[in-house]
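The values are calculated or read from the model by the stated rules, or taken from the named source; none is laboratory data. On a predicted model such as this, the values are computed, not experimentally measured, just so you know. Neighbour counts run over all protein chains shown; Cβ positions are idealised from the backbone, glycine included. The protein model used for the area step is the full one, side chains on, heavy atoms only, and it has no ligands, DNA or RNA in it. Shrake-Rupley method; radii C 1.70, N 1.55, O 1.52, S 1.80 Å.
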Amino acid sequence: MKGKTIKNLASCLFALFSLHESALASEQLSCDTIAETDIVDLDLSELGKVPVFMSANQKATCTRQAAGIVTVISGQEIRNMGARDLVDVLQLVPGFSFGIDTSNVVGLGIRGIQAHEGKVAVFIDGINLNEHRFGTTQFGSHFPVEQIDRIEIIRGPGSIIHGNFAEMGVINIISKTATQINGVKVSGAYGRFERGEARKNMELVAGKKWGDWEVTLSGKNGEAHRSDRIYRDAFGDSFDMSDSNELESRMINLDIKYKDIDFRILVDDYSVDSRDGFATTTTGPERYLNNRFTTYAGNLNYQYDFTEAIQLDLNAQFSRQNPWERTRKYFDGESPLLRERVFVDFYKFDAKTTFASEEGNYLVLGNSFSFDKFDIRKSEDGGLDSPLPTFSDYTAYAEASYAFPWVNVLAGLRFDAYNEYGTNLAPRVALTKDFGRFHFKALYSQAFRIPTGGNYQKNEEYNLGLLEDIAEGAPGLSEADQIGQVRPEKTHTAEIELGYELLDNLDLTINLFDIRSNNIILYQIDHRLDENGEPREADYYINAPGQNTQGIETGLRYSDEDWGYLELGYSFYRATRNTADKYKILNAQEAQLHDQLNVGFPTHKVTFNAHANITPSFSINPTLMFISDRFGYTGDLLTHHEPAWIANVYFRYQNLLTKGLEVGLGFYDIFNERYEYVQPYNGGHPALPGPSREIMLKLSYQY
């Protein structure tokens, strides 16, 4: 039985942990001194030994001391592995999984829960990249990697500080500073699948410091294909993805800093072509759908130190987004047909004061005001033409940390007052302590997901369409079938982390989690008949009672300043409560086959990431990911997806012939496992073929 094989695999993994106890040792930077160290001054070997995370008081904190389940990935690690995009990076994070949403759009799930729609917050240098219409973030040849200094990831709730969209996790991408860049770097990458072109990307990173002025500029222009395989819909129709389902991305990130004033502008333009359609069927062979996501954002931050112990942060943000702009395009050159266009303007003003002591204790007090304004320029036929309300939120939050001799205690509380959804309180408590080689964390947080304007719009349009159908004589409908607006979703998360330094540079961490979500916001499709008896679909949102998961995540890291590093990770989850049929694994008779699994997610995941220095300039960097069985749907048919091993290797040569010239050659999906993105809910969309075996050449030059 496959489940027995998986149990044996998990046992082997823990056996591997113990085998590494005899690894070599070397001197290690201490967590006790990291708060006094400038992160910019750390090289990769030091950052690998003591990964750092910016805590709420904006001070560098060792991840083993941070009051959260934290993963920090350095930019050097990202470039060592030859990451083609963030998918290559994030799929190595315990508990993270990618799946198809709809129309070639791929999103993220965390710990067995679909987090794509407003449950994981993604930031680039403090600017939120979630689109504010539905809260989604799109992955796949989207984000540039050359400008990344590090990625800070909270595997768990982050609502206290980061607010909405941070219910299940936070991904904070931090770019290099002008001091780190000190010049210009140009890079290009070209990849090919077995049956066609995979990607072609160009990136530019520039930065310079002149006295009190610092300027950085980064940009990306890229084109890619999701796959080169054949996609088949629920009715057997198919198309070749090697010449369709393209991805285009353009991003500009400009930062100008003068003393304590920091101003940043970010432009993101991401475009997704698709023929795989909305759910069960493909589009006709003569046309395809283009979904475009654009963000124009500005961020102004001012920091003032009253004393060494008291600091004031003032921040103003603005973004104008045009998410899910849907256009029907034709292969024969016929004029495109705009189907939907909605603009969202987001404003936020934040003031925060930090009181800190020399011992590391701190108190953070802050408040903010934000609002989303929607402008519907074009909606689907029969859609909403009247304006949506402006959605506003006033927030007050506090977080305090105090170090006792035997434990560090952190407590936080966030209060929100929404004009459409009332008030909300979200507390957080953490107990942590680092005892030299051993550390522990005990964490409890409440988090939330507030409905977005897109959720509101869909339900208004559903009721409008219902009343129109009733007026036109559609059978079996009444005004009593109208639905109300959805309520906020709330989550309670308890986590425990135990870590032990087996040797000076060999660390083992194990964390347990229990997630309990109530009033989960759930997407629904209503199948009904119009006045002519023809089938019609209408989509809307409801609140389902709840969804719970539990699990374990482990990590083993060995690092050596001369040799390199290796990381081994394992994650497991199980569903303990599920009240939504869309997330259940049901057969044709609607009997639940696996009550501890959710649709689209592997129960087990094992990851391996290594960096081996062959010479001071040349390194070999293998990565490996194992995922266990998954279940999805093709139309109404339950489908089973076999376990898969995804193996990559990247050869990196730095300072080739001259200083600053780098060449890399990567081989991806070596075993040609033909990985698929399974939809993490029963929406009828068949699994979307992912990248097949690929070879990529990368060149860069820094001067």
(request) Give me the number: length gained by fully extending residue 394 to residue 658, i.e. 0.36 nm times residue separation minus the C-alpha to C-alpha distance, one decimal in nm. (result) 89.5 nm
(request) Starting at the first residue of segment 655-667, write each ³J(HN,Hα) from the Karplus equation 6.51 cos²θ - 1.76 cosθ + 1.60 with θ = phi - 60°, in whole Hz, x for Gly and Pro. (result) 6, 6, 6, 8, 5, x, 8, 10, 10, x, 10, x, 10
(request) Within 10 Å, count the other beta carbons around each residue, average over each peptide in 580-588, 429-437, and list them highest first. (result) 580-588, 429-437
(message) What is the percent carbon and sulfur in the accessible area of the chain, measuring with a 1.4 Å probe over the protein chains and ignoring ligands?
(response) 55 percent
(message) Sort 305-311, 225-231, 131-137 by packing, meaning the average of other beta carbons within 10 Å per residue, with the highest value first.
(response) 131-137, 225-231, 305-311
(message) From the phi angles alone, apply the Karplus equation (6.51, -1.76, 1.60; θ = phi - 60°) to segment 314-327 and give each ³J(HN,Hα) in whole Hz, x where the residue is Gly or Pro.
(response) 10, 9, 10, 10, 8, 8, 10, 10, 10, x, 6, 6, 9, 10
(request) Scan around residue 127 for amide H atoms under 5 Å from its own, H built in the peptide plane at 1.01 Å from N, and keep only partners 5 or more places away or cross-chain. (result) none
(message) Through the Karplus equation 6.51 cos²θ - 1.76 cosθ + 1.60, θ set to phi - 60°, convert the phi angles of segment 391-404 into ³J(HN,Hα) values in whole Hz; use x for Gly and Pro.
(response) 9, 10, 8, 9, 10, 10, 9, 9, 8, 9, 9, 9, 9, 8
(request) Specify the inter-centroid distance of segment 635-686 and segment 308-367, based on alpha-carbon positions, in whole Å. (result) 30 Å
(message) Bin width 5 Å, origin at 0, all Cα-Cα pairs of segment 347-449: what percent of pairs per bin?
(response) 2, 10, 15, 15, 14, 11, 9, 7, 5, 4, 3, 2, 1, 0
(request) List every residue whose amide H lies under 5 Å from the amide H of residue 433, counting only residues 5 or more places away in sequence or on a different chain, with H placed 1.01 Å from N in the peptide plane. (result) 408, 440
(request) Specify the angular offset, from 0 to 90 degrees and rounded to the nearest 10, of the alpha carbon long axis of helix 2-19 from the longest principal axis of the alpha carbons in the chain. (result) 10 degrees
(request) Can you figure out the FRET efficiency of residue 269 with residue 403, using R₀ = 51 Å and their beta-carbon distance, to the nearest 0.05? (result) 0.65
(request) Quick one: grab Rg to one decimal and Dmax as a whole number for segment 451-512, Cα atoms only, in Å. (result) 25.3, 76
(message) Show me, bin by bin at 10 Å from 0, the whole-percent P(r) of segment 248-341 based on Cα pairs.
(response) 14, 30, 21, 15, 12, 6, 2
(message) Taking just the alpha carbons, could you work out the radius of gyration and Dmax for the chain, both in angstroms?
(response) 24.9, 79
(request) Send over a whole-number figure in Å² for the accessible area per residue of the chain, probe 1.4 Å. (result) 41 Å²
(request) Measure nothing fancy, just the Cα-based angle from helix 453-471's long axis to the longest principal axis of the chain, in degrees from 0 to 90, nearest 10. (result) 10 degrees
(request) Determine the calculated [θ] at 222 nm for the chain from helices alone, applying -39500 (n - 2.57) to every DSSP H run no shorter than 4 residues and normalising by the residue count; nearest 500 deg cm²/dmol. (result) -2500 deg cm²/dmol
(request) For segment 502-574, count all C-alpha to C-alpha pairs, find those more than 22 Å apart, and express that count as a whole percent of the total. (result) 59 percent
(request) Take the Cα coordinates of segment 408-537, assign each an equal point scatterer, and use the Debye formula without solvent to give log10 I(q)/I(0) at q = 0.14 Å⁻¹. (result) -0.79
(request) Please give the length that would be gained between residue 367 and residue 309 if that part of the chain were fully extended, namely 0.36 nm times their separation in residues minus their C-alpha to C-alpha distance (nm, one decimal). (result) 18.9 nm
(message) Can you order the peptides 649-659, 680-690 by their average number of other Cβ atoms within 10 Å per residue, highest first?
(response) 680-690, 649-659
(message) I'd like the distance separating the alpha-carbon centroids of segment 393-415 and segment 556-606, in whole Å.
(response) 31 Å
